[in-house]
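Please treat every number below as a calculation from the coordinates, not as lab data. This one's a predicted model, so the numbers in the text were calculated from it and none came from an experiment. Cβ atoms come from the backbone with ideal geometry, glycine included; neighbour counts cover every protein chain shown.
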C-alpha cells in the first residue's frame, strides 16, 4: 500500500510521504480505521499477487442531505495496468461501499492537468464537475499559527460565547 502511495506521489509530481507520514498512514488505515482502503491485486491462482492499484477513502457528512458522503482521497493504478478496468473496478467498489453505508453522494478532487482522469469521471462515470464550489486548504503550519494567535488575544466578540 505504501509503495502505491509513493507511486501516486511520483505520478502527481509531489513529494512522497515522509517516514513519519508513512507511520501515520499505517496507523490511520489499519489501527484507528480513520481511513479505509481497497487494494486491487493481480490474481495468481488462489492467492493475491502483485498490487495493481488502490482507492483510499473516508467519510464526511452532508447536513443538507442528512447522510454521510464517501470522500475518495486517492485512486491510483500502476502505469502498466491502466486502461484494463482496474481503476473502474476500484471506483465501482467505492460506489458499492457508499451505497452500503447509505451515503447521499461520493466526492473527490482531480488535478486539472490529469485529462485521463477527468475524461474517465465525466464521460465514463457520468460524474458532474462542480463549477460553483471552491476548495480551500489550511496547511498544518497555518493551523498552528491561527491557534497561537487566538490563544494570545481573546476575540472580543467571542468573550461571551461558549461551546458544548
(request) Per DSSP H run of n ≥ 4, the term is -39500 (n - 2.57); total these for the chain, divide by its residue number, and report the mean residue ellipticity at 222 nm rounded to 500 deg cm²/dmol. (result) -9000 deg cm²/dmol
(message) For the ranges 108-114, 81-87, 139-145, what's the packing order if you count other beta-carbon atoms within 10 Å of each residue, average per peptide, and put the highest first?
(response) 81-87, 108-114, 139-145
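Over all directions, what mean area does the Cα convex hull of segment 1-86 project, stated in square nanometres?
Answer in nm², one decimal: 7.7.
Viscosity 1.306 mPa s, temperature 10 °C: Stokes-Einstein D of segment 81-164 from its Kirkwood Cα radius, in µm² per second? Before the final figure, lay out the partial values.
On the way: Rh = 17.2 Å.
For these conditions, the coefficient is 92 µm²/s.
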(message) Between segment 103-145 and segment 1-59, how far is it from one alpha carbon centroid to the other, in angstrom?
(response) 19 Å
(message) Students often get this wrong, so try it: which of [x] 9.3; [y] 10.0; [z] 13.7 is mean projected area of the Cα convex hull in nm² as calculated from the structure shown?
(response) [z]
(request) Measure nothing fancy, just the Cα-based angle from helix 2-11's long axis to the longest principal axis of the chain, in degrees from 0 to 90, nearest 10. (result) 90 degrees
(message) On C-alpha positions alone, give me the angle between the axis of helix 140-152 and the longest principal axis of the chain, in degrees, nearest 10.
(response) 10 degrees
(request) Kindly express, to the nearest 10 degrees and within the range 0 to 90, the angle between helix 86-100's C-alpha long axis and the longest C-alpha principal axis of the chain. (result) 50 degrees
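Work out how much length residue 102 to residue 127 would gain on full extension: take 0.36 nm times their residue separation and subtract the Cα-Cα distance, in nm to one decimal. Present the calculation step by step, with values, prior to reporting the outcome.
On the way: separation 25, 0.36 × 25 = 9.00 nm, distance 1.87 nm.
Gain on extension, residue 102 to residue 127, equals 7.1 nm.
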